[in-house]
Amino acid sequence: MKRIIKRAILVIAVLFVCCLIGFFVWTQQTYEPTKELLKSVGDIEHEDDWVTFKPNGTNKEVGVILYPGAKVEPEAYGYLGNVLSDAGYTVGIPKFNLNLAMLEANKAEEWINRNPSIKKWFIGGHSLGGVSAATFAHKNPNVVDGVILLASYPASGDDFSNKDTPILSIYAEKDGLTTRDKIEETKSLLSRETVLFEIQGGNHAGFGMYGKQKGDNEADISATTQQDIVAEEIIKWLEKH
């Protein structure tokens, strides 16, 4: 009997280790920035595990932190970061352990502490990155001045419905992952100061530039066009706050 129990424990341990290895391998199969992005943006600056974009001209003393979607390399949001920095905003895009924002929702603290000259902070993210960004904002209302959700939504435990937190929620018509139904389902968690904007013809992967994504729909517009729309809406919203 003892021998059977020992074998059972050994089998369970081996299966557990295999699951851990499988999970690790899965997290390393990331979506990388496209050649089109790298060509348009040029050299991308890094500060440790942060991709950074800082204004060369007028600095609005406003910072934007963008959490990448699950398994998406931060450089894939370089086009968006570059456009925002050209508009005067300091942008930080972190790389997370195991490429999952949910494991380090408080990562934004690092960038905020490194940039004491920034007077206002807005945090956002794409897909599951946006979920984690909303968690940070919900827990740190005295630090965050607004939330930017890109094909994303707050988790059920991060209810902003009774708050005046400015939120910009941008979603896409052809998104096969964060669908319209999901956006509608989670609207009740958004604040009284929420602006919603739908990108006609856009899809999930178009919120970054990393190619096609499993489970997504084909877009009717190019990734660059979608990025330009996203940047324009974010900049218009930031100027009002």
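For (1) more than 11 Å from the chain's Cα centre (by Cα); (2) within 17 Å of LEU80 (Cβ to Cβ); (3) among the hydroxyl-bearing types (Ser, Thr, Tyr), each residue gets a yes or a no:
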| site | (1), (2), (3) |
| --- | --- |
| ILE112 | yes, no, no |
| SER117 | yes, no, yes |
| GLY124 | no, yes, no |
| ASN140 | yes, no, no |
| VAL144 | yes, no, no |
| ALA151 | no, yes, no |
| GLY157 | yes, no, no |
| ASP164 | yes, no, no |
Some residue of the range 128-145 being more than 26 Å from GLY202 (Cα to Cα), among the aromatic types (Phe, Trp, Tyr) and either surrounded by fewer than 21 Cβ atoms within 10 Å (Cβ to Cβ) or touching a residue at least 12 places away in the same chain (Cβ under 8 Å) (or both): yes
Among the candidates GLY202, GLY176, residue that is in contact with a His (Cβ under 8 Å, 6 or more places away or on another chain) and in the same structural domain as SER40 (by TED's automatic domain parsing): GLY176
Residues (of a type in the set (Phe, Trp, Tyr), in a helix (DSSP H, G or I) and out of contact with any helix residue (DSSP H, G or I) (no Cβ under 6 Å at 6 or more places or on another chain)) located in the range 93-145: TRP111
Residues (among the β-branched types (Val, Ile, Thr) and over 11 Å from HIS204 (Cβ atoms)) located in the range 171-186: ILE183, THR186
Verdict on VAL83 being in contact with a helix residue (DSSP H, G or I) (Cβ under 6 Å, 6 or more places away or on another chain), crowded, with 19+ Cβ neighbours inside 10 Å and either within 21 Å of LYS236 (Cβ to Cβ) or among the charged types (D, E, K, R) (or both): yes
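Residue-by-condition table, conditions (1) part of a helix (DSSP H, G or I); (2) at pLDDT below 95; (3) more than 23 Å from ASN82 (Cα to Cα):
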| site | (1), (2), (3) |
| --- | --- |
| SER188 | yes, no, yes |
| PHE197 | no, no, no |
| ASN203 | no, no, no |
| TYR210 | no, no, no |
| ASP216 | no, no, yes |
| ASP220 | no, no, yes |
| THR225 | yes, no, no |
| ASP228 | yes, no, no |
| GLU233 | yes, no, no |
Criterion (closer than 17 Å to ALA205 by Cβ, free of Cβ contacts under 8 Å to residues at least 60 places away in the same chain and of a type in the set (S, T, N, Q)) met by exactly one of SER152, SER117: SER152
Qualifying residue in the range 163-170 (condition: within 17 Å of ILE234 (Cβ to Cβ), surrounded by fewer than 16 Cβ atoms within 10 Å (Cβ to Cβ) and aliphatic (A, V, I, L, M)): no
Which listed residue, of VAL17, VAL91, VAL11, VAL25, is modelled with pLDDT of 80 or more and of a type outside the set (D, E, K, R): VAL91
GLU75 being on the phi > 0 side of the Ramachandran plot and modelled with pLDDT of 75 or more: no
Unmet requirement for GLY92, which otherwise passes all of (1) of a type in the set (Gly, Ala, Ser); (2) farther than 25 Å from TYR153 by Cβ; (3) surrounded by 22 or more Cβ atoms within 10 Å (Cβ to Cβ): (2)
Answer from SER161, SER156, SER152, SER169 - the residue that is outside any loop (DSSP other than H, G, I, E, B) and either at pLDDT below 95 or small (Gly, Ala, Ser) (or both): SER169
Qualifying residues in the range 61-72 (those that are closer than 17 Å to LYS212 by Cα and of a type in the set (Gly, Ala, Ser)) - the one modelled with the highest pLDDT: GLY69
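The values are calculated or read from the model by the stated rules, or taken from the named source; none is laboratory data. Not measured: the values here are computed from a predicted model. Positions of Cβ are generated from backbone atoms using ideal geometry, with glycine treated the same way; all protein chains shown enter the neighbour counts.
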